[in-house]
1. From the list 148, 125, 97, 72, which residue is closer than 30 Å to residue 23 by Cβ and either touching a residue at least 40 places away in the same chain (Cβ under 8 Å) or not in a helix (DSSP H, G or I) (or both)?
2. Would you check if there is a residue in segment 122-132 being more than 16 Å from residue 55 (Cβ to Cβ) and either modelled with pLDDT under 95 or among the β-branched types (Val, Ile, Thr) (or both)?
3. Report yes if residue 8 is among the acidic types (Asp, Glu), within 26 Å of the chain's Cα centre (by Cα) and at pLDDT below 90, otherwise no.
4. Pairs only if they're at least six apart or on different chains, beta carbon under 9 angstrom, first in segment 18-41 and touching a residue at least 24 places away in the same chain (Cβ under 8 Å), second of a type in the set (Ser, Thr, Tyr) and part of a helix (DSSP H, G or I); list them, first residue then second.
Amino acid sequence: MSTRRPDDDRDESADERLDRNWGELLQELRITQTGLQLLSGFLLTLPFTQKFATLRHGQQSLYLSLVVTAVVAVGLNLTPVILHRRLFGRHLKQRVVVVGHVMSQLVIALVALLFTGTAALIFWVVVDLTAAVILSVVLLVVLALLLVVLPEWLAHAPDRTRRT
């Protein structure tokens, strides 16, 4: 049985739509995984550099917060995959897709914080705390515009590209 939305040209069943949504979600998770792996690897190497011993207490605290954020982000990024593996064959794909969607949103938020915090730490070490704070505010505003405001605007803007 095909369930078609009036605004969708696809002719797919509910199961086919879930399979497509799951596939798209996995693609998005792969993209965030790459960025997380690169940044986490960078963070994990810092304590083994000579400069790390010269960090101030606040800088070390920020660093440790970033490591914890990276670990939580990696865990959240893996959650949809483990849910799929653990619940495979139980006909719970809709739940897995919904939870995976929520997890991916949380991962994106943590990645934004992680990149902002890492840039802030670098600016704090290389320049000073004021530069780090200014950079953090600017980055958070830019990322909020790109990750929150733009999608909401697109969702509510009139579609001028729709075929008639």
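1. Working: 148 fails: either touching a residue at least 40 places away in the same chain (Cβ under 8 Å) or not in a helix (DSSP H, G or I) (or both); 125 fails: closer than 30 Å to residue 23 by Cβ; 72 fails: either touching a residue at least 40 places away in the same chain (Cβ under 8 Å) or not in a helix (DSSP H, G or I) (or both).
Just a single option satisfies the conditions, and that option is 97.
2. Yes: segment 122-132 contains one or more residues that are more than 16 Å from residue 55 (Cβ to Cβ) and either modelled with pLDDT under 95 or among the β-branched types (Val, Ile, Thr) (or both).
3. The answer is no for residue 8.
4. 25/104; 28/104; 29/104; 32/104; 39/118
The values are calculated or read from the model by the stated rules, or taken from the named source; none is laboratory data. Keep in mind that this is a model prediction, so the values were computed, not measured. With ideal geometry, Cβ positions are generated from the backbone for all residues, glycine too; neighbour counts draw on all protein chains shown.
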